[in-house]
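The next block holds one structure in the form of structure tokens; read it before the comments.
The values are calculated or read from the model by the stated rules, or taken from the named source; none is laboratory data. In this text, all values refer to a predicted model and were calculated from it rather than measured experimentally. Cβ coordinates were reconstructed from backbone atoms using ideal geometry, including for glycine residues, and neighbour counts include every protein chain displayed.
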2 protein chains.
Amino acid sequence: MIDHNLIEKIYLQDKLAISRTITKIEQANSNSIEILKELHKKIGNAYRIGITGPPGAGKSTLTNQLTKFYRKEGYTVGIIAVDPTSPFTGGALLGDRIRMGEIGNDPGVFIRSMASRGSLGGLSNKTQDAADVLDAAGYDFIIFETVGVGQSELDIVKVADTTIVVLVPESGDSIQAMKAGLMEIADIFVLNKGDRPGADSAITSLKTMIALKDHNSESWLPPIIKTIAQENHGINDVIEGINNHRKFLINHDFLNKKREENIKIRVKEIVEEFIKQEIWNTQRLNELNNEIKKAVIGKSSPYQIAENLINNYKNSIMD
Amino acid sequence: MIDHNLIEKIYLQDKLAISRTITKIEQANSNSIEILKELHKKIGNAYRIGITGPPGAGKSTLTNQLTKFYRKEGYTVGIIAVDPTSPFTGGALLGDRIRMGEIGNDPGVFIRSMASRGSLGGLSNKTQDAADVLDAAGYDFIIFETVGVGQSELDIVKVADTTIVVLVPESGDSIQAMKAGLMEIADIFVLNKGDRPGADSAITSLKTMIALKDHNSESWLPPIIKTIAQENHGINDVIEGINNHRKFLINHDFLNKKREENIKIRVKEIVEEFIKQEIWNTQRLNELNNEIKKAVIGKSSPYQIAENLINNYKNSIMD
């Protein structure tokens, strides 16, 4: 049973209704999938911006300033702050998250923090579901903000139309450590705290790395934009960069292709997650636990156990 | 059809037979699973050591020295060097890998490099299959060497009995960036290049971090061992650390528990990978491609498409 009253309220951008729906999604409430199927009829209008980078680079401040800019232009903004959690400690890493008091009270801004636990440190299906709720609710821009550690910075390309990588002059060796990933995902580089020493040499080394990438006349080359987000310097340039990238995607018919690619990955994840849940019921987990003891001492093989479990699962479908 | 001649040669530690078998595994040759089922009857005797850490910390040199030590004691050693590859560039990051000429010609040492591509940047099932071949072949120690970037350093705990994290004095901020993961997985810390400035303060900060971890009288507290691997200093201490940890695992009955846990994860991966392959056949991938176009424009929902594909898969099993 879908609560049509709730759906209507979402379409009216009722924050409480939106918030309750996202909570249902987080709790994997059985209604949430039916609600999402209904809401998906209205999605596709929001432009999705991903913001990532090392801790302390100023992602929250930038998100804050971009939001204020869009609000002045009359657009509404939904913000999803993804807190990656360590698979070992379960603790949130985004400790020093800036409070967004100012924009938080604006009726045209919706802010939600979500944990990415349980999805390889990345942006979970639930995060994307939440963004779809905001899209259906009519928010013009959706900003995903996630700290670039582990896998999450690579996952952001799967959900964003434009991905912004925020760096600071002193993150030179962070670039080294993560460049394999970050260099490839950035549509726009923002060098924040651009008044600090080392800013110009950081820009030079970024330019060098970008120039080394394979590209041709049809490629998008990520601009490098210097900002001092705290003082609202350079924000217009970031907006311009986003607009240019958006136009580039549309002119080359990449926007829909990119979104198709993202939805494809997502459908695959939904299918695989569902089947996994079905395979690993209590009975088969018990069987697994019993069999592995034999494998440790060489009396069975992981492959033999796997084969038995697969057959068992298939038989259960046929019953 | 299993090639019993090949199996016999593996049991005789014939390097060519072992190498050919690992190649079959890498190529997902249809025989490889049957060979592995047979070989699993002989596994469980090798002790598995994982070595990880940031690029340039000296992991290869340490592997080299540990191997020489074990060889002097009369033990045989299999080495699997895992090259994590970026999901985007496909390029290997272990560029400056030290050539292991000296130990490479030793008949009691088997060395193999493997890519971890396609397995979330981690240690793939294939890497573990290769280790099982070496275990069945009778190697006393198996050393996994992998650079600590992204996910692979977290995966190493799934395959190793003892995990060594190698750091260098100057990797202070690497620790910051990766500590959420590395601090939790290390059974032994090696501070290599211990003659460099900052070694003592690095040890102090490691000690502080270890002391902050939850622990009780039953817990293993990772020792911090200073080495200059290049000059063979401190290698005896590392060997002693490994022996102590091994004894600790055995005395607390943790070794088999840990291996059971590892095999459990592995069986799950094998089952899920097999089912995934079965789901995503050409026909269903085509269906997926056709349907996503509708989802982009809000005419369908990822959940609706997923539901149809799941039903389609289940019907195919029943046919």
Which helices (runs of 4 or more DSSP H) does the stretch B:224-316 wholly contain that include 3 or more residues that are closer than 25 Å to B:THR61 by Cα?
B:235-251
Of the listed residues (B:ILE263, B:ILE275, B:ILE310, B:ILE239), the one being among the β-branched types (Val, Ile, Thr) and more than 28 Å from the chain's Cα centre (by Cα) is B:ILE310
Residue list for the stretch B:232-243, filter: of a type outside the set (A, V, I, L, M) and either closer than 20 Å to B:ILE203 by Cα or crowded, with 17+ Cβ neighbours inside 10 Å (or both)
B:ASN232, B:HIS233, B:GLY234, B:ASN236, B:ASP237, B:GLU240, B:GLY241
Over 19 Å from B:ASP140 (Cα atoms), modelled with pLDDT under 90 and under 24 Å from the mean Cα position of the chain (by Cα): is that true of B:LEU206 in this structure?
yes
Check on B:ASN256, within 14 Å of another protein chain (Cβ to nearest Cβ) and among the polar types (S, T, N, Q):
yes
Answer yes or no: is there a residue in the stretch A:276-284 that is at the interface with chain B (Cβ under 9 Å from one of its Cβ atoms), hydrophobic (A, V, I, L, M, F, W, C) and under 18 Å from B:TYR313 (Cα atoms).
yes
Of the residues A:ILE80, A:ILE103, A:ILE111, which single one is in a strand (DSSP E or B), assigned by TED's automatic domain parsing to the domain that holds A:ASN236, over 12 Å from the mean Cα position of the chain (by Cα) and modelled with pLDDT under 95?
A:ILE111
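Taking the stretch B:18-55, which residues are assigned to a helix (DSSP H, G or I) and closer than 19 Å to B:THR146 by Cα? Break it down stepwise before answering.
Here is the first cut: in the stretch B:18-55, the residues assigned to a helix (DSSP H, G or I) are B:18-26, B:32-42.
If the condition is that a residue be assigned to a helix (DSSP H, G or I) and closer than 19 Å to B:THR146 by Cα, then B:ILE22, B:GLU26 are the ones that fit.
Has the stretch B:297-305 got at least one residue that is in contact (Cβ under 8 Å) with a residue 60 or more places away in the chain and either facing chain A (nearest Cβ under 9 Å) or within 29 Å of A:GLU291 (Cβ to Cβ) (or both)? Explain how you work it out, then say what you get.
If we filter the stretch B:297-305 for residues that are in contact (Cβ under 8 Å) with a residue 60 or more places away in the chain, which is where we start, we get none.
Taking every residue of the stretch B:297-305 in turn, none turns out to be in contact (Cβ under 8 Å) with a residue 60 or more places away in the chain and either facing chain A (nearest Cβ under 9 Å) or within 29 Å of A:GLU291 (Cβ to Cβ) (or both).
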Can you find a residue that is hydrophobic (A, V, I, L, M, F, W, C) and more than 16 Å from A:GLU272 (Cα to Cα) anywhere in the stretch B:275-295?
yes
B:PHE189 being among the hydrophobic types (A, V, I, L, M, F, W, C) and facing chain A (nearest Cβ under 9 Å):
no
